[in-house]
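Novice: Structure provided below as structure tokens; questions to follow.
The values are calculated or read from the model by the stated rules, or taken from the named source; none is laboratory data. Computed from a prediction, not measured in an experiment: that's the story for all the values here. Neighbour counts are summed over all protein chains in view; Cβ atoms, including those assigned to glycine, are modelled from backbone coordinates with ideal geometry. Side chains included, ligands, DNA and RNA excluded: accessible areas come from the protein's heavy atoms. Shrake-Rupley method; radii C 1.70, N 1.55, O 1.52, S 1.80 Å.
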Amino acid sequence: YFQDLLNKSEKALYDAFPSMYGELYTQNMKVFKDLYSELRRYYRGSNINLEEALNEFWTRLLERLFKLMNPQYYITDEYLDCMVKHAEQHKPFGEVPRDLKVKATRAFIAARSYAQGFLVGSDVVKKVSQVSLSHECTRAIMKLMYCPHCRGMSSVKPCNNYCLNVVKGCLANQADLNTEWKYLMDSLVVVADRIDGPYNVDTVIGTIHMRIAEAISNLQENKDSITAKVFQGCGNPKISTKGSSSEDKKRRGKVTLEAKSSAQALEMLVLDAKGNLTALKTYWITLPGSLCSKKVMASSAADDKCWNGMTKGSYLPEVMGDGLANQINNPEVEVDITKPDMTIRQQIMQLKIMTNRLGNANIGNDVDFQDASDDMSGSGSGDSCPDDVCGKRLSKSPSTRQPETHAIPKQSGHGINGASSRSLPSAFLLLLSVAFIAAQHLCR
């Protein structure tokens, strides 16, 4: 949506400016193209100083237009340097450059950070879903899912609390993402309000061409007074032998470009995104319950005729809390709470970094994104399960997985769709499904 706003603004400029300004546009087309190119690159995450890019645009445009509007003079590069130094004082484009710089930087910072926030959240889920299940977890899932069949109770469903303890033990490290994940969701909601509120992204990005036209009109209308002030400060340039140009014959006056508002579309997008973000706040700690109800099809907590790990009956142990530290006494999965998964710890750090960037964007401060790719990946081993899996616990097998580094992903040239966050739960459902299938083979 953001890129579509920018594309429409650029197209409107290309459509209207040739007939409105003649040579003022045709001889300076590259200046306008370069501006939109820089804005697009900034939005996609390139390391560009947005204020400097805007200042460079106005400087280049002023130099070109001043020469075109004064063709009877021979204007050197040194003379143009002098003119630029006095530009802030003379304000040849009126208040447009200053006003656009303030509004555009805030709008683009918010838009870019918002889109990057979604990408980071999605990439964290992708990284976490690639973390291998532990040997103890595989054993516990086999006991939960398949041992009733061996006991001749294939129709008996696992007790819900029993399932919760197994999955909470298996996803103990993942649950530790909850705090920073919630902060990221909250930060995205706050920035979403800025996008559709004070920073007025729809209006600012969608009307850049109109502000440029307004600035050029200011320069044309005050050409004589501005030229006189420049001559006074920099001296009179030499008369050129090229003669006068036809610039004065081109159309002048107030620009009447229309702005097609799509504020309602933005409002709907923001509302939809905020709804998804709010629903995902507790994703990591509600995942065990979701998996037990949708994938395992466990019995209700009060059922006394469910599979409790040993026989058909009630499940008496209490349900463990969320996170690694709360698994010290997990009766179903042996978890070493002193050895957190390093891949997940790296992702927790990435969430913190992104949340901090969104906080800066919320107050209009620029943020830098690491333009790098992550070429490291984790690996795991699949040990077979012994025949007595349903009776005895296995000894712990410390993880030897190396820490992973995670860079903020590059953004492609396509638009970012906030609704893509709906697909996040599928990664873990797929992960657990694969684990179940693997466990079934190991149990044979």
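Novice: List the GluC sites (Glu not before Pro) in the stretch 256-359 that DSSP assigns to loop (not H, G, I, E or B) and whose Cβ has at most 12 other Cβ atoms within 10 Å. Which are they?
Specialist: Counting only loop positions with at most 12 other Cβ atoms within 10 Å, the GluC sites (Glu not before Pro) in the stretch 256-359 are 258, 318.
Novice: For the stretch 1-144, with all protein chains present and a 1.4 Å probe, just round the carbon and sulfur fraction of the accessible area to a whole percent.
Specialist: 47
Novice: So, for the stretch 153-247, what is the accessible surface per residue at a probe of 1.4 Å, expressed in square angstrom?
Specialist: Per-residue value: 40 Å².
Novice: Number of Lys-Lys pairs in the stretch 63-134 under 20 Å by Cα, sequence gap 8 or more or different chains?
Specialist: Values: 67/85; 67/91; 85/101; 91/101; 91/103.
Lysine pairs meeting both conditions in the stretch 63-134 amount to 5.
Novice: Same structure again: Give me the accessible area per residue for the stretch 1-151, probe 1.4 Å, as a whole number in Å².
Specialist: For the stretch 1-151, the solvent-accessible area averages 42 Å² per residue.
Novice: Mind jotting down the distance between the C-alpha centroids of the stretch 106-177 and the stretch 1-43, whole Å?
Specialist: 48
Novice: Taking amide H atoms as placed 1.01 Å from N in the peptide plane, list the residues 5 or more away in sequence, or in a different chain, whose amide H sits under 5 Å from that of residue 74.
Specialist: 238, 239, 240
Novice: Let me ask something additional. Hey, if you put +1 on the Cβ of every Lys and Arg and -1 on every Asp and Glu Cβ in the stretch 139-187, which of 141, 152, 181 ends up farthest toward the positive end of that dipole?
Specialist: Selected residue: 152.
Novice: Then there is this: Could you grab the relative contact order for the stretch 302-351? Cα pairs under 8 Å, six or more apart, rounded to a whole percent.
Specialist: Working: 34 pairs, mean separation 9.0, N = 50.
In percent, rounded to a whole number, it is 18.
Novice: Loop only per DSSP, at most 15 neighbouring Cβ atoms within 10 Å: give me the trypsin sites (Lys or Arg not before Pro) in the stretch 281-374, ordered by residue number.
Specialist: Those satisfying the criteria are 305.
Novice: For the stretch 145-249, which whole percent of the accessible surface, found with a 1.4 angstrom probe, sits on carbon and sulfur atoms?
Specialist: Numbers: 2120 of 4560 Å².
On the stretch 145-249, the fraction of accessible area on carbon and sulfur atoms equals 46 percent.
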